[in-house]
1. Tell me, what HN-Hα J-couplings in whole Hz come from the Karplus equation 6.51 cos²θ - 1.76 cosθ + 1.60 at θ = phi - 60° for each residue of segment 285-302, using x for Gly and Pro?
2. Can you bin segment 183-235 into rounded, prolate or oblate? Criterion: square roots of the alpha carbon gyration tensor eigenvalues sorted a ≥ b ≥ c, rounded for a/c under 1.5, prolate for a/b above b/c, oblate for the rest.
3. Rg and Dmax of segment 123-241, using alpha carbons, in Å: what are they?
4. Of the listed values (i) 5, 19, 23, 23, 18, 9, 3, 0; (ii) 6, 26, 36, 23, 9, 1, 0; (iii) 5, 24, 30, 21, 13, 6, 1, identify the label whose number matches P(r) over Cα pairs in 10 Å bins from 0, in percent calculated from this model.
5. Taking amide hydrogens as modeled 1.01 Å from N in the peptide plane, which residues meet the under 5 Å criterion relative to Gln114, leaving out close sequence neighbours?
6. Using the Karplus equation 6.51 cos²θ - 1.76 cosθ + 1.60 (θ = phi - 60°), what ³J(HN,Hα) coupling, rounded to whole Hz, does each residue of segment 219-235 give in order, writing x for Gly and Pro?
7. Leaving out same-chain residues fewer than 8 places away, which aspartates and glutamates sit with a Cα under 17 Å from that of Lys326?
8. Given points 7 Å out from each Cα along the Cα-Cβ axis, report the Asp41 to Phe85 separation in nanometres with one decimal.
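Nothing in this text is a laboratory measurement; each read-out follows from the coordinates by a stated rule. From a predicted model like this one, the values you see are computed outputs, not experimental measurements. When we count neighbours, we look across all protein chains shown, and the Cβ atoms used for this are built from the backbone with ideal geometry, even at glycine.
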Amino acid sequence: MLQNLRIYKMKNSLLILLLLFSLCQAKAQKINHTSAFKDFDGDRYFRFSYDNDYFSSSDENYTQGYNIEFVAPVFAKNPINYLLFKNEGWANKYGLSIEHIGYTPNKIGRPEIQYGDRPFASAIMLKSFVISTDTSSRSRISTSLSLGAIGPLAFGKEMQTAIHMAIDGTIPQGWRHQINNDLVINYQLSHEKQVLMIDNLFELQTYASANIGTLFTNASAGITTLLGQFNSILNGNSKSKKFDCYLYSQPVISFIGYDATLQGGVFNDGPYTIEGDAVKRVTFQYNFGLVIKSEKLYMEYSRTYITPEFKNGPTAGWGGIRIGVKF
């Protein structure tokens, strides 16, 4: 009966998010690597992204994540691409990535359940993605399908414990109360459009995204601003300069339908979860950072702050680094 109720709530969440998306074309996804302002020109490259709340002097909520990303023409043969958007008249890039994310409550050294705080949770996914860009309309559409697991199978406990032992930090004690093992199937669609460009020094883009699945179901919308020296992939002049250095700023509003890292998996939740009525259905997130890239190398440092994601939860923050190499 409880399982049927959870599935029923999930279906309602999907319907709500589909309606929101249709109304506003609408990121509550932690690691974002397909956006236009993070573009690495070319169709063959490797990139590694790493997030950690250490950058914001905290150790709670979204505590760390990584993404290992490969883009190459060979991935055009991936059969999952039939489920993803691609326009033969647009410039398409195909990729595959491995992504891992982890979450903890505030006091990771406590062995007991911390009621009223976020549960321990981690997820690992294999993501297939397609990035389609059209310079005539100055638009970009990115789609991805992630398959994986949430729960002990994602080895969040082992990873965080090893890191904290290496840095002589607090050893986490509460992972035995983490979200249980469950299936992750998530589909993401995002759209970006350039609305203003001034001399390759300033750019303004609109951003809209939707996630539907068993891990995250949400819709988001925002505005992205770039300032510096750069080649805009949306403008079709990505090779006019050999060196880019720019700052970006992106405020985002998100409408939350379902979050398995708080509420547990669709089929199997856990010893402790956040009830649906305590989940914040609207969050505000601010992303900003610095990108430096050349013909062969990509480097980025980012920071993010987000309003509370559940009742009585804290405002959270984290930082990230990203390094890429063309081949």
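1. Rounded to whole hertz, the list is 10, 10, 10, 8, x, 10, 10, 10, 8, 10, 4, 10, 10, 10, 9, 8, 10, 10.
2. On the way: a/c = 3.74, a/b = 3.08, b/c = 1.22.
Judged from the Cα gyration tensor, segment 183-235 comes out prolate (a/c at least 1.5, a/b above b/c).
3. Spelled out, the Cα radius of gyration and Dmax of segment 123-241 are 19.8, 55 Å.
4. This structure yields the entry labelled (ii).
5. Under 5 Å from the amide H of Gln114 lies no amide H from a residue far enough along the sequence or on another chain.
6. 9, 9, 8, x, 10, 10, 10, 10, 9, x, 10, 7, 9, 7, 5, 6, 8
7. Asp39, Asp41, Asp43, Glu69, Asp244, Glu295, Glu300
8. Rounded to a tenth, the inter-label distance reads 2.5 nm.
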